[in-house]
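The values are calculated or read from the model by the stated rules, or taken from the named source; none is laboratory data. Keep in mind that what you see is a predicted model, and the values were worked out from it rather than measured. Quick reminder, even Gly has a Cβ in these numbers, built from the backbone with ideal geometry, and neighbours come from all protein chains shown. Surface accessibility is based on the protein's heavy atoms, side chains included, excluding ligands, DNA and RNA. Shrake-Rupley method; radii C 1.70, N 1.55, O 1.52, S 1.80 Å.
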Amino acid sequence: MPTWLDQLRGLADTGYSTILMPDVPQWQPAPGPALAVAATITDLRVGSWVYASPVRPAWSTAWEAHSLTVLTGGRFEMGIGTGRPGLADQLRELGLPQVPANQRLSLVRDVIMSLRELDGSELRTPVAMAVGGPKAQALAAELADTVTFVMPHIEARAETTQRVRDFDNRRGVELALHVPVIGDTVAPFMAGPDTDPAAIRAADSLAFLPADPAAAAEEILRRREEIGFSYFVFGADVAAVLAPVVAKLAGR
């Protein structure tokens with residue numbers, strides 16, 4: 001934990017905008033308290049990436065998100081999805097009821113609608129959704145402020161580009177890209193231990209960025225201009241490596 005706090009302090013003035021926390025028991029402290037601490041010791045935005053709706057009661061999740069918005073002065077954003085692969089095993093381990101796949105999106109909607117009620121007319125907590133299939137994309141097109149696409153790490157650039165073009169983005173939802181591989185480094189919280197950086201790079205996948213700062217900056221700008229991604233998510237392990245890139249893109 002002291003190492004994580006030191007990382008936060010080191011990132012405060014590098015150009016990064018947001019500290020994100022996953023929602024996986026035993027990986028790290030619970031997202032709510034951790035993000036409250038992060039918002040206290042830095043001026044950065046904070047967010048969940050992403051709450052697993054089947055693991056959390058809808059109203060309690062919304063209450064926590066609303067409370068973080070209030071306590072951080074509007075610097076919190078709620079990321080939410082239907083859960084990581086292996087969700088059924090996680091629910092079983094936690095002694096929670098199984099949630100059929102066809103019911104999980106309704107839980108996401110319940111959380112968002114409860115959050116909107118708690119925020120009222122005075123606040124609006126930004127909502128980021130992790131989406132895969134067409135039903136999840138349709139819900140995000142209706143309710144989300146930011147969308148990240150759940151896709152195979154080895155998916156080629158052309159396929160991802162088509163995925164984005166097929167998304168109904170008439171509301172101008174911000175598009176986020178999850179980038180777990182930088183050079184030969186794989187972010188442990190963002191990809192599995194068997195992830196092959198060479199295979200991802202060879203596939204021309206957007207899950208990869210070069211470690212060279214100039215090349216990484218050029219590639220980020222290309223993805224922004226050609227596809228429309230404007231929100232990039234990197235692992236904490238490579239945050240320092242990419243700091244010069246982020247600072248340049250942030251105009252620092």
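For this structure, a couple of remarks:
- The range 166-252: C-alpha gyration tensor shape, a/c 1.5 cut-off, then a/b vs b/c: oblate
- Remark on Val46: its backbone amide H falls under 5 Å from those of Ile19, Phe76, Glu77, a criterion applied only to residues 5 or more positions apart or on other chains, H modelled at 1.01 Å from N.
- Coil-residue trypsin sites (Lys or Arg not before Pro) of the range 101-160, DSSP, other Cβ within 10 Å capped at 14: Arg124
- Charge dipole (Cα centre; +1 on Lys/Arg Cβ, -1 on Asp/Glu Cβ; no other charges) of the chain amounts to roughly 380 debye.
- Low-density loop positions, chymotrypsin sites (Phe, Trp or Tyr not before Pro), the range 153-252 - DSSP coil, at most 16 other Cβ in 10 Å: Phe189
- Carbon and sulfur %, accessible surface of the range 1-91 computed with the full protein complex present, 1.4 Å: 58 percent
- Rolling a 1.4 angstrom probe over the protein heavy atoms with all chains in place gives the range 74-166 an accessible area of 52 Å² per residue.
- Surface composition of the range 196-247: carbon and sulfur atoms hold 56% of the protein heavy-atom accessible area at a 1.4 Å probe.
- Per-residue HN-Hα couplings for the range 108-121 [Karplus 6.51, -1.76, 1.60; θ = phi - 60°; Hz; x = Gly/Pro]: 4, 4, 4, 5, 5, 5, 5, 5, 5, 5, 5, 5, x, 8
- Cα centre as origin, Lys/Arg/Asp/Glu Cβ charges: the range 163-252 dipole, Debye: 420 debye
- For the chain, a/c is less than 1.5, where a ≥ b ≥ c are the root eigenvalues of the C-alpha gyration tensor. That puts it in the rounded class.
- Under Karplus coefficients 6.51, -1.76 and 1.60, residue-wise ³J(HN,Hα) of the range 226-237 in Hz, glycine/proline x: 7, 10, x, 6, 10, 10, 10, 10, 10, x, 4, 4
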